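First the structure, in the form of structure tokens, and then the observations on it.
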Amino acid sequence: QVQLVESGGGLVQPGGSLRLSCAASGTIFSINAMGWYRQAPGKQREFVAAITSGGSTNYADSVKGRFTISRDNAKNTAYLQMNSLKPEDTAVYYCNADILSVRGTPRLNYWGQGTQVTVSS
């Protein structure tokens, strides 16, 4: 059984910063890509950022230059540093990861439960 647990969300003023964490736990042999998605009220879930096990990153145009994704492979944890936050960044942020639990079995995709980020004055 594998779990992804996000933390670090909260209320912040425009222009402020937050750092989200996503910790994977359970039976884990290897983790390929880890990523962050977000869903604002009344909108579809959208891609924010992703990072491969080798450290290659990809970002949505709306967050480039403001958000930074990173990971600590030894801790099975991914981070999302969010700077210069805007009200339109308000959403529930979800962690996503491709995880191989047992060698020789299929790699599966997992989602966390989400953490709320609210940007408001």
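The values are calculated or read from the model by the stated rules, or taken from the named source; none is laboratory data. Everything numeric here is computed off the predicted structure, so don't read it as measured data. Note that we place each Cβ from the backbone using ideal geometry, even for glycine, and neighbour counts take in every protein chain shown. SASA here: full protein model, heavy atoms, side chains in, ligands and nucleic acids out. Shrake-Rupley method; radii C 1.70, N 1.55, O 1.52, S 1.80 Å.
Straight Cα distances below 20 angstrom link K75 to the aspartates and glutamates E6, D98, with same-chain residues fewer than 8 positions distant left out. Sites listed here are trypsin sites (Lys or Arg not before Pro) in region 49-121 whose DSSP assignment is loop and whose Cβ has at most 16 other Cβ atoms within 10 Å: K64, R66, R103, R107.
Farthest towards the positive end of the charge dipole of the chain, among the residues L100, S25, S62, is the Cα of L100, using unit charges on the Cβ of Lys, Arg, Asp and Glu. Sparsely packed loop sites in region 1-44 (the chymotrypsin sites (Phe, Trp or Tyr not before Pro) outside DSSP H, G, I, E and B with at most 16 other Cβ atoms within 10 Å) comprise F29. Loop-located trypsin sites (Lys or Arg not before Pro) in region 1-47 (DSSP state other than H, G, I, E, B) with a sparse environment of at most 12 neighbouring Cβ atoms within 10 Å: K43. Under 5 Å between amide hydrogens, built in the peptide plane, is the criterion, and for T90 it picks out V119 among residues at least 5 positions away or on other chains.
Per residue, the solvent-accessible area of the chain (1.4 Å probe, heavy atoms of protein chains only, all protein chains present) comes to 53 Å². Straight-distance candidates among the lysines for linking to K86, with alpha-carbon spacing under 25 Å and chain neighbours fewer than 8 residues away dropped: K43, K64.
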